[in-house]
Each structure stands twice: as C-alpha cells, then as structure tokens.
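The structure under discussion appears below in the form of structure tokens.
The values are calculated or read from the model by the stated rules, or taken from the named source; none is laboratory data. Because the structure is a prediction, the values reported are computed rather than measured. Note: ideal-geometry Cβ built from the backbone for every residue, glycine included; neighbour counts use all protein chains shown. What goes into the accessible areas is simple: the full protein's heavy atoms, side chains included, and nothing from ligands, DNA or RNA. Shrake-Rupley method; radii C 1.70, N 1.55, O 1.52, S 1.80 Å.
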Amino acid sequence: MENTYVTLNKENIGQQHLCCAIVDKKHQKGVEVKKNWLMDRFEEGHVFRKLDERGKVFIEYAPLEKAWVPVTGEQYMYIYCLWVAGKFKGKGHGKALLRYCIEDAKQQGKSGVCVISSKKKKPFLSDKKFLISFGFQVVDTIGEDYELLALSFDNTLPRFTESAKRQTIENKELTIYYGQQCPYIPNCLADIKAYCTEHKVALRLIAVDSLEKAKDMPCIFNNWAVFYKGKFETVHLLTEAGLRKILQ
C-alpha cells in the first residue's frame, strides 16, 4: 500500500494532529500555540508535511529569508525538523520527506536546501550522516559541535549570522531564549520555572517572538537556546536532570 502524506494548511490544520506531541496530553497547550504560529507562517511558504497516520513522521521547512533561525542566505529552503520515530523507522519515510523538500525547492527555483546539524548526533537536530547521503555538505560551523549543512543547486552557500557565532551574552544568570514553534516548550518552561523557584535559582526567560529577533540571536537557535554564566550551553530542551548538570 502506498504511503499517503498530508501537507498542513489553513483549511485542514484544525483537523490534523502535530506529530511531535501526538500522544502526550500535557503538551496540548503547546500544540495550540504551535498551530497558531503556523497559521501566520503558511503565507510565507512555510511547509509542515506529515504521514497521514497517527505517528511521529514529518518534515517542516520554510524559505530561509523567513526562517526563524540565525542563518543568512538567498533563495534557500531551511529545514527546521525532519523526524521519523517508533515503528515508522526504516520504512523510507525520512527519504521520501527529504526528497519532497528538495524537489519543492527546485520547482520554486531555489538555490538549495540547508539545515542545522552537529558533528555528533544531538537531540532535536537532524542527523548529519543521513543528510550527507543526499549530497549535503558542511558549509559553516559554530564552536566545536554545531554545523550548517547545505545542498546547493547553483554553488551559492548560506552562512550562520555573525551574531550567532558569539555564543556569549553579558547576563550571567540562567538565561533561556525560546520560540513558539515547538509544542514541548510551554510545559518545559513551566517545569524550569518551578525548579528555579524552589531552589532559588535566578532565571531570565527571553521570548523570541519575531523573525528579526531570531535572525539576531547570539548563538545557534532552533526554537530553544540556554546560557549560563554568560556562556551558551545547549539547544536541548531541559529536563530537571539536564538543568542540574548545567547549574553544577
């Protein structure tokens, strides 16, 4: 049986689930936040395409000029997330979704497709090895871990912004920059606030609520970025254990 995929739009988003938070009721507030965010992005060319089944199988991408990331370039598509989980792994869905994005970019006359990854596999970032198999190449780096990969159709290349390469801020307290795109963020923020209140940890939360703010980030950013003592720490959403590790 041939797989069927669905591309979200203003007409069908109310009846469709968001794959990443499909089974966890505690993240439903985040789902509504994300759906509202998506409604404002569709006219900009933002694409959320998923398998038409109850599972975590989707790709999300947008024109780089409108992508809420500190990456600059002309006529590129930027991939926010490509996720295939659980029983759907190993069935070709990742390849099918990535090929769809690449063909979409070509049909729109784009210069290529880019995505943030890392030297070693990290949660919430696309797998470098998989992307390299499609012809993506490392075109820019930040620090020792994070990389910008691109599949160029015309030899032009995107880059991280200069601000993103700073990876430091003046503020020394625990500082978290967060977006509205990931359904897990609202609940994660609530947990962090509760922990910091209980343990008397100074916390500064900064909402990245515009394209301009996202492009001007002082570090790598893909919805979430954590600083402590003025130093960039991670793009990983924090569990209590992860937060304790940073604070120690």
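Given the rule -39500 (n - 2.57) for each run of at least 4 DSSP H residues, summed and divided by the residues of the chain, what is its mean residue ellipticity at 222 nm, to the nearest 500 deg cm²/dmol? Mind showing how you got there, number by number?
Details: 6 runs with 61 residues, N = 248.
So the helix-based figure for the chain works out to -7500 deg cm²/dmol.
Relative to the longest principal axis of the Cα atoms of the chain, the long axis of helix 28-41 makes an angle of roughly 60 degrees.
Packing, as the average of other Cβ atoms within 10 Å across residues, places the peptides 59-69, 133-143, 202-212, 217-227 in the order 217-227, 59-69, 133-143, 202-212, highest first.
Using Cα pairs closer than 8 Å and at least 6 residues apart in sequence, work out the relative contact order for the chain, in percent. Reported as a whole number, the value is 19 percent. Match the structure shown to one of the listed values (1) 28, 23, 16; (2) 31, 20, 15; (3) 28, 24, 22 of semi-axes √(5λ) of the Cα gyration tensor in Å, computed from it, and give that label. This structure yields the entry labelled (1).
Where both residues lie in the chain, what percent of DSSP beta bridges are antiparallel, nearest 5?
Working: 36 of 45 bridges.
Taking every DSSP beta bridge with both residues in the chain, the antiparallel ones total about 80 percent.
Amide hydrogen proximity for residue 5: with H placed 1.01 Å from N in the peptide plane, the residues at 5 or more positions away or on another chain lying under 5 Å are 52.
Could you please state how large a percent of the accessible area of the stretch 110-248 is carbon and sulfur, counting protein chains only and using a 1.4 Å probe? Solvent-exposed carbon and sulfur of the stretch 110-248 make up 47 percent of the total. With respect to the chain, whose longest principal axis is taken over its alpha-carbon atoms, helix 93-107 is tilted by about 70°.
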